[in-house]
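Notes for the one structure printed next.
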Amino acid sequence: MGTSSAVIEVHGVVKEFRHWRRRLRALDGVDLEVRAGEVFGLLGANGAGKTTLVKVLLGLSRPTEGEVRVRGRNPRQASARARIGYLPEGHRFPGYLTGDASLRLFGRLAGLPEIALDRRIPELLELVGLSERGRDRVGRYSKGMTQRLGLACALLDGPDVLLLDEPTDGVDPVGRRQIRDILLGARERGTTIFINSHLLSEVERTCDRVAILNGGRVLREGTVDGLTRPTQRYRLRLAGGEPPPDDKMQAIGAQVLSSNGALEVQVPDVETLNRLVDVLRAERLLIAEISPLRAALEDVFVEVVGGDEHGPGGPHPEPGAGGGS
């Protein structure tokens with residue numbers, strides 16, 4: 001099943017729930033493979049099926065149809081979940097525990113020996129930037145600090161695989177950058193990371209490959225570079241601040257999209273781009289910069305889902321999930 005380098009394999013997975021007298025299909029024939037040592041992002045709006053898939057990968061939910069393997073094993077087997085770190089969405093810690101006590105509690109639940117925890121807890125608190133707050137009660141932590149503590153818990157036993165459900169949701173820009181740096185460091189150490197998120201800018205900065213999930217189906221998959229390849233849009237900056245000849249540019253098929261400091265132009269092909277350069281030179285205008293623009297991952301996402309965030313039939317919330325993803 002799958003390739004030898006695949007750490008996560010999902011083939012033909014369907015997940016249905018009974019809701020009153022109806023059957024709701026949260027996942028509809030999902031196929032995915034995540035390779036060893038890569039950061040993989042699963043994108044989708046609320047209700048797309050992202051959290052349902054994470055629960056299937058963890059063995060917390062049994063697929064209605066299809067097959068799942070994590071590190072070559074069925075995730076419903078306890079042995080398959082060894083060396084897997086998990087950060088759930090909206091996780092909570094008892095407010096009366098300190099950060100350091102929370103880590104010790106989770107470490108004990110994971111069966112780690114006390115001597116290992118004595119060494120590992122200070123290391124992790126330093127890694128996530130909580131060294132000075134480890135003895136403070138979690139009830140006093142901000143959302144970003146709580147997320148970083150949750151990530152520290154997921155990293156406790158040096159996992160081979162990290163499953164992260166909305167790891168930077170509600171976190172400020174500084175906290176998001178800290179979490180991003182931690183994840184990239186884990187990747188450098190060989191950890192395979194699966195991120196479920198709707199924060200497209202963070203996924204674009206962090207992930208090697210992504211899949212877009214909508215209405216329980218994977219609509220597109222590929223590398224971030226491949227999905228955001230250069231388009232027929234260009235940034236054009238003229239020296240001297242001279243206004244461009246808009247009418248002549250439009251006459252050859254070049255469309256000016258914006259002119260805030262620099263022109264953003266769209267052309268149908270490279271031939272038109274060259275004609276545009278000829279028009280500007282004929283007007284004795286000096287070109288200081290011309291560079292291709294890449295599509296943002298957000299642009300790709302909107303194009304793929306076509307403005308319909310939930311696909312046919314609307315969102316398919318898992319019962320008890322509060323209509324989430």
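Derivation of every value follows stated rules applied to the coordinates shown; laboratory data play no part. Model, not experiment: these values are computed from the prediction. For neighbour counting, all protein chains shown are included, and Cβ atoms are generated from backbone atoms with ideal geometry for every residue, glycine included.
Values computed for the structure shown
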read-out	value
Förster radius 22 Å - calculated FRET efficiency between S201 and H91, Cβ distance, rounded to 0.05	0.45
Interchain or long-range residues, amide H under 5 Å from L24's placed H	F17, R18, H19
Interchain or long-range residues, amide H under 5 Å from R220's placed H	I212
222 nm mean residue ellipticity, helices alone, for the chain (DSSP H n ≥ 4; -39,500 (n - 2.57); rounded to 500)	-9000 deg cm²/dmol
Contact order relative to length of the chain, as percent, for alpha carbon pairs under 8 angstrom and 6 or more apart	22 percent
Lysine pairs in the chain with Cα atoms under 29 Å, if 8 or more residues apart or on separate chains	4
Charge dipole magnitude, Cβ of K and R +1, D and E -1 - the chain, Cα centre, debye nearest 20	1280 debye
Size of the chain as Cα extents on the principal axes (Å, biggest first)	76, 52, 39
Three-way shape call for region 78-181 based on the alpha-carbon gyration tensor, with the a/c threshold at 1.5	oblate
Difference of contour (0.36 nm per residue) and Cα-Cα distance, R237 to W20	72.1 nm
Stretch gain in nm, segment R135-E271, where the contour uses 0.36 nm per residue and the Cα spacing is subtracted	42.5 nm
Potential extension, A36-R108 segment - 0.36 nm per residue separation minus Cα distance	23.1 nm
